[in-house]
Amino acid sequence: MSLIDRFGEHLERGRGAGSPAGVPSSAASEVTTPADPEPTRSLAPTAGADRSPDISLNNALGAAADPAPQHPEPLVVVEDIAKSFDVSEPWLNRVIERKPRTLLRAVDGVSFEIPRGRTLALVGESGCGKSTVARLLVGLYKPSRGRVHFDGTDLSSLSPAAARPLRAQMQMIFQDPYASLNPRWKVADIIAEPIRVHRLIASPDGVRARVEALLRHVGLAAADAEKYPHQFSGGQRQRLSIARALASQPRFLVCDEPTSALDVSVQAQVLNLMREIQQADGLTYLFISHNLAVVHHVSDEVGVMYLGRIVELAPKSILFERPRHPYTRMLLDAIPDTRMSGTARTPVAGEVPNPLNPPSGCTFHPRCPLANDRCRSERPLLQTLSDGAKVACHAVEEGRS
């Protein structure tokens, strides 16, 4: 049994009937330190004074989630976005030493679409530009080139004031929940901040009711609103981050490695929670992760990034069954073979090149076993294959893979 299959079984066990439907209010209000294992919770609430009915949060607030269409239109369209950072030495040093400006191309021409209600996962080694893409989509960075369309609207053409209503519909879950939560604020203030900023609810009682509904929606108790972030375990803090992201009733969530800092059992709980919320509220996800086992179970489509570019983009089933790009194959071969099948595996060789001085042509050619002279001189373009997969590789184009 492969590591991906074993992780899938662990996820399904977390969703099974054997898990308790919810923890009592008294247990939920107890302080759990990060060293303690997080109590197992499933998404079906139990009867109790501080538990909501088993319906989506949007339904609970009077807005029913639209059912996902058979052929959903893209909610997010990214066209050739790029982001360069100026990492030059100070101006006086450059003048005296006669050095040019130095630009770091963190993202270099990335394009993709995410249909409504679906999940696109981005994978790749550290430093390949995944998190930069995430921050470009939610407006934390301004693209150096390219456009981001949300629900048919070009965000780059809007003023900050005009873009604010759309920004409320795009939220982000960060990798480190503790670093993204204000340690001096109570949970009630943290979750209520997006509601107040976007002026979604005017009355204090309405804001409080919304905060309590959000806490119940992510499997916590209403009494947890009076606690501080340090009084929760890592998995519970990530639930708080999810609740804060849902506070503005978004349609699109960017999840930047939301489970990388959690152990496997807590990962399963958080992933099951996110999947249930997506199904209930009709959310669209951009999911970023290093863990291919996690990506296999949460994504509908997978994009593989290398040094700021997407080298392969395909539906999940196609990418895991028939990977085309040599880099994708190396990533999959790096997954431990727990079945001891004896299949020949090609480990990932070498290191990621210096992004300040990337190789010419295909940036993967110094590590690629299929590289030839064309790969060293000509940059491959992302081309669509007969099964719908998109690959940027001369070897695949020439039939050498």
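Restricting the search to region 362-376, which residues are part of a helix (DSSP H, G or I) and either in contact (Cβ under 8 Å) with a residue 40 or more places away in the chain or open to solvent by less than 60 Å² (accessible area, probe 1.4 Å) (or both)?
Looking only at region 362-376, we keep the residues that are part of a helix (DSSP H, G or I), and these are 365-367, 373-376.
Scanning region 362-376 gives 365, 367, 375.
Please determine whether any residue of region 219-232 is modelled with pLDDT of 90 or more, under 21 Å from residue 165 (Cβ atoms), of a type outside the set (S, T, N, Q) and surrounded by fewer than 21 Cβ atoms within 10 Å (Cβ to Cβ). Steps first, please.
Here is the first cut: in region 219-232, the residues modelled with pLDDT of 90 or more are 220-232.
So of that shortlist, the ones also under 21 Å from residue 165 (Cβ atoms) come out as none.
Checked region 219-232: no residue is modelled with pLDDT of 90 or more, under 21 Å from residue 165 (Cβ atoms), of a type outside the set (S, T, N, Q) and surrounded by fewer than 21 Cβ atoms within 10 Å (Cβ to Cβ).
Among (1) buried (at least 24 other Cβ atoms within 10 Å of the Cβ); (2) farther than 26 Å from residue 362 by Cα, where does residue 251 come up short?
With (1) buried (at least 24 other Cβ atoms within 10 Å of the Cβ); (2) farther than 26 Å from residue 362 by Cα applied to residue 251, the lone miss is (1).
Can you find, within region 94-108, the residue that is nearest to residue 80 (Cα to Cα) among those that are touching a strand residue (DSSP E or B) at 6+ places or on another chain (Cβ under 6 Å) and either charged (D, E, K, R) or surrounded by fewer than 18 Cβ atoms within 10 Å (Cβ to Cβ) (or both)?
As a first pass, look at region 94-108 and keep what is touching a strand residue (DSSP E or B) at 6+ places or on another chain (Cβ under 6 Å): 103-108.
From what is left, the residues that are either charged (D, E, K, R) or surrounded by fewer than 18 Cβ atoms within 10 Å (Cβ to Cβ) (or both) are 103-105, 108.
Numbers: 103: 18, 104: 17, 105: 13, 108: 8 Å.
Out of the qualifying residues, it is 108.
Enumerate the pairs (first residue in region 382-401 and closer than 14 Å to residue 322 by Cα; second residue anywhere and open to solvent by 20 Å² or more (accessible area, probe 1.4 Å) and small (Gly, Ala, Ser)) with beta-carbon separation below 9 Å, excluding pairs fewer than 6 apart on the same chain, so at least 6 apart or on different chains.
Note: pairs meeting the criteria are 391/401.
Cβ-Cβ under 6 Å, sequence separation 6+ or interchain: first residue in region 86-107 and without any contact (Cβ under 8 Å) to a residue 60 or more places away in the chain, partner β-branched (Val, Ile, Thr). Which pairs?
88/102
Assuming residue 118 fulfils every condition listed in (1) more than 22 Å from residue 274 (Cβ to Cβ); (2) open to solvent by 20 Å² or more (accessible area, probe 1.4 Å) apart from one, which condition is it?
Looking at each condition in turn, residue 118 falls short on (1).
Are there any pairs with C-beta distances below 9 angstrom linking a residue in region 207-233 that is in contact (Cβ under 8 Å) with a residue 60 or more places away in the chain and farther than 14 Å from residue 185 by Cα to a residue that is open to solvent by less than 50 Å² (accessible area, probe 1.4 Å) and among the aromatic types (Phe, Trp, Tyr), with the two at least 6 apart or on different chains, and if so which?
Every condition considered, the pairs that remain are 220/232.
Has region 377-388 got at least one residue that is at pLDDT below 90 and open to solvent by 80 Å² or more (accessible area, probe 1.4 Å)?
Within region 377-388 (the criterion being at pLDDT below 90 and open to solvent by 80 Å² or more (accessible area, probe 1.4 Å)), the answer is no, since none of the residues qualifies.
With the condition kept exactly as written, say whether any residue in region 196-206 is open to solvent by less than 10 Å² (accessible area, probe 1.4 Å) and either touching a Lys or Arg at 6+ places or on another chain (Cβ under 7 Å) or among the aliphatic types (A, V, I, L, M) (or both). Steps first, answer last, please.
First, the residues of region 196-206 that are open to solvent by less than 10 Å² (accessible area, probe 1.4 Å): none.
No, the conditions are met nowhere in region 196-206.
Would you be able to say whether some residue in region 103-115 is part of a loop (DSSP other than H, G, I, E, B) and farther than 30 Å from residue 384 by Cα? Please lay out each step first, then the result.
Within region 103-115, the subset part of a loop (DSSP other than H, G, I, E, B) is none.
Scanning region 103-115 turns up no residue that is part of a loop (DSSP other than H, G, I, E, B) and farther than 30 Å from residue 384 by Cα.
Among the residues of region 136-179, which ones are closer than 30 Å to residue 233 by Cα, in contact (Cβ under 8 Å) with a residue 24 or more places away in the chain, part of a helix (DSSP H, G or I) and open to solvent by 30 Å² or more (accessible area, probe 1.4 Å)?
Once the filter is applied, which keeps residues that are closer than 30 Å to residue 233 by Cα, in contact (Cβ under 8 Å) with a residue 24 or more places away in the chain, part of a helix (DSSP H, G or I) and open to solvent by 30 Å² or more (accessible area, probe 1.4 Å), region 136-179 yields 167, 178.
Looking at residue 324, is it within 29 Å of residue 358 (Cα to Cα) and out of contact with any helix residue (DSSP H, G or I) (no Cβ under 7 Å at 6 or more places or on another chain)?
Numbers: within 29 Å of residue 358 (Cα to Cα): yes; out of contact with any helix residue (DSSP H, G or I) (no Cβ under 7 Å at 6 or more places or on another chain): no.
In short, no.
List the strands (runs of 3 or more DSSP E) inside region 264-320, counting only whole elements, that have at least 1 residues being open to solvent by 30 Å² or more (accessible area, probe 1.4 Å), within 22 Å of residue 250 (Cα to Cα) and touching a strand residue (DSSP E or B) at 6+ places or on another chain (Cβ under 8 Å).
Correct list: 301-306.
Using the structure shown, decide if residue 241 is open to solvent by less than 60 Å² (accessible area, probe 1.4 Å), part of a loop (DSSP other than H, G, I, E, B) and modelled with pLDDT of 90 or more. Walk me through it before giving the result.
Details: open to solvent by less than 60 Å² (accessible area, probe 1.4 Å): yes; part of a loop (DSSP other than H, G, I, E, B): no; modelled with pLDDT of 90 or more: yes.
It is false that residue 241 is open to solvent by less than 60 Å² (accessible area, probe 1.4 Å), part of a loop (DSSP other than H, G, I, E, B) and modelled with pLDDT of 90 or more.
Is it fair to say residue 331 is at pLDDT below 90 and closer than 24 Å to residue 127 by Cβ? First the steps, then the outcome.
On the way: at pLDDT below 90: yes; closer than 24 Å to residue 127 by Cβ: yes.
Yes.
The values are calculated or read from the model by the stated rules, or taken from the named source; none is laboratory data. Note that the structure is a prediction, hence the values are computed from the model and not measured. FYI the Cβ positions are ideal-geometry reconstructions off the backbone, even for glycines, and counts take in every protein chain you see. Accessible surface is based on the protein model in full, side chains and every heavy atom, while ligands, DNA and RNA are left aside. Shrake-Rupley method; radii C 1.70, N 1.55, O 1.52, S 1.80 Å.
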